[in-house]
Every structure is written in C-alpha cells, then in structure tokens.
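Peer 1: Okay, here's the structure, questions in a sec.
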Amino acid sequence: MVKMESYPARVTELGGLAIRRALPTRERRLVGPWCFLDRFGPLTFAEGKPMDVAPHPHIGLQTVTWLLDGEVIHHDSLGSEALIRPGELNLMTAGRGISHTEETPTSHSGRLNGVQLWVALPDAHRRGQPSFEHHASLPAFDLPHGSARLLIGSWAGRLSPALAHSPMTGAEITVEDHGELALPLDPAFEHGFVLLSGDAVLDGQPLRPDDLYYLPPGATAAALRSERGARVFLIGGTPFAEPVLMWWNFVARTPEEIEQARRDWQEHRFAEVPTYSGPRIEAPELALRLRGTS
Ligand code: MN
C-alpha cells in the first residue's frame, strides 16, 4: 500500500469570513492540477452577509465552488449570474482573465457551509477565453453504504460534463453510519482527501476535519469507513507537469506574468463586475519573493 501523507489546514480569513486552507501548504503545493482548497462554515447567521467577496480578478485557473449547506450568488465580468445551492457546481474558468464577486444572496437560509477550490490551467489553455458554467445536475453514484457526486473530471468510469483541461478528479463522497466504502482510484493520479463533516477513517488513518490527506500515484483503491457518517471531498489528477507560480488570485509561471496581471488589475484593464455595490478588492503590494511550486 502506498504511504499516506497528511498536511494540516491553516486558519485564515476571506472578506471577514473564517477559512481553513488545506491547499496550498508549505510542503504540498499541488494535488494533480488542484492548487487551492478553502473550507468555510458550517455557520448560521440571522442578518448580514457572511460571504461578501468584492470584485477581484483571476488568471490561469478555474474556481470550483461546492456547498454543503446555504447559498452563494456569483457574478462575473462576462455578465454571468448564478445562485448555487448544495449539490450544484459553480465552475469559473479564468483563462487569460476574469473578475467576479461571491456573496450571500439577499434571500437566504441563514446557513453557510462549503468549499472553494482552484484548478491550475495547463499552458495550452491558461491564456484562453474566460467562461462560466453552472451545473445543477452532476453524475451521481449509489454505493453500498454510501454515495458520491462527481463534480469535474473522471472517477469510477464516469465523466463529468464540467469543462476540464487536464486529467483530474473532483468528487464528494458520502459514507453512511457504520459504512465502509472501497473507493476505486486511478493509479496514474495522485489524490487528496479532506473530511468535510462527520468522522472517517481512510486506509486505517483517522481523518482530522479540514486537513489534507495525500496519496501519491500508484494507489488503485482506498478504504473509507465511518462510525456516525461522513462527507469527504476527493481531489486528484496526474501530477501537474508544469511549474506553477501562485500569487494572490493569479496562477502563472513567471514573476513577470504576475506583475503584469497585478498592474492590469490596478490600472483597470480587467473587465468590471457591474452588479456589485461597493469598492473592489485592491491587489496587495507585490513582495519581492514569489513562491513557486518547483
Ligand atoms: Mn475568486
């Protein structure tokens, strides 16, 4: 059996909302093309807008938004508007550049619980046209003692309709109480697991909530069991062959590209999000040292 590695999530915040960030960490920058994983909630609120991310830009990545509870409304510079609910996927492909907002809608359940992940685009696609997709219907699996939903890429012989530019998996696995699942894995992929709720043991390893558990390529299956029931997010893909440079909301390859994208945002060369009332997010100062994955 290949050896599992674990990486603790770190606590941070996004527009005032508490976040646990499982990816990237200092020791693990990528899992396949997946380069970012933020966990928010569960929380309840009576008033206000716990999710209120003002206009900001992206390049070179896709954002994958998935809710366990509550709702978020997305607007972007293409004119897209999409309310996302649990079980639905919002997928934004930044390509050469897009800006967007994510907010708790005016009419809401008073609950918020979900994840947002980023996928690094390969060189052949990272300067492509930006696009946005909302998927209300995704491949669903009934498993003995559980179920799964495939968001993007492929898993267990099925393919998601969501736009994907490199071989990957993004799925949510649900284990029933006292259930044990044998999850098939592609041995060409590396994989990451994050416990979203409940309790779970993966290949004999008890999972802490929100931390990243990593399996290198070579694994053909993983055993997931739970006493009281669990939901686990599964990511994976072929190891990303290109060195990736991440800074703020940008995924690029060189410091010059990052500097250019920062200037383009600060000098208003990205298209705007017209629906948002309030100031946009200004880029932070560019530190001299940019951290890459290579
Ligand atoms: Mn964003």
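Please treat every number below as a calculation from the coordinates, not as lab data. Everything numeric here is computed off the predicted structure, so don't read it as measured data. Every residue, glycine among them, receives a Cβ derived from its backbone with ideal geometry; neighbour counts consider all protein chains shown.
Peer 1: So in the stretch 216-261, with the set limited to residues that are within 16 Å of the ligand (Cβ to nearest atom) and assigned to a loop (DSSP other than H, G, I, E, B), which one is farthest from residue 143 (Cα to Cα)?
Peer 2: Looking at the filtered set, the residue picked out is 248.
Peer 1: Within the stretch 6-30, which residues are under 21 Å from residue 208 (Cβ atoms), in a loop (DSSP other than H, G, I, E, B) and either within 16 Å of the ligand (Cβ to nearest atom) or hydroxyl-bearing (Ser, Thr, Tyr) (or both)?
Peer 2: If the condition is that a residue be under 21 Å from residue 208 (Cβ atoms), in a loop (DSSP other than H, G, I, E, B) and either within 16 Å of the ligand (Cβ to nearest atom) or hydroxyl-bearing (Ser, Thr, Tyr) (or both), then 24, 25 are the ones that fit.
Peer 1: Mind checking which strands (runs of 3 or more DSSP E) fall wholly inside the stretch 74-130 and carry at least 3 residues that are closer than 30 Å to residue 174 by Cα, away from the ligand (no atom under 12 Å from the Cβ) and free of Cβ contacts under 8 Å to residues at least 60 places away in the same chain?
Peer 2: Here the list reads 81-84.
Peer 1: So in the stretch 31-71, with the set limited to residues that are outside any strand (DSSP E or B) and surrounded by 21 or more Cβ atoms within 10 Å (Cβ to Cβ), which one is farthest from the ligand (Cβ to nearest atom)?
Peer 2: That would be 32.
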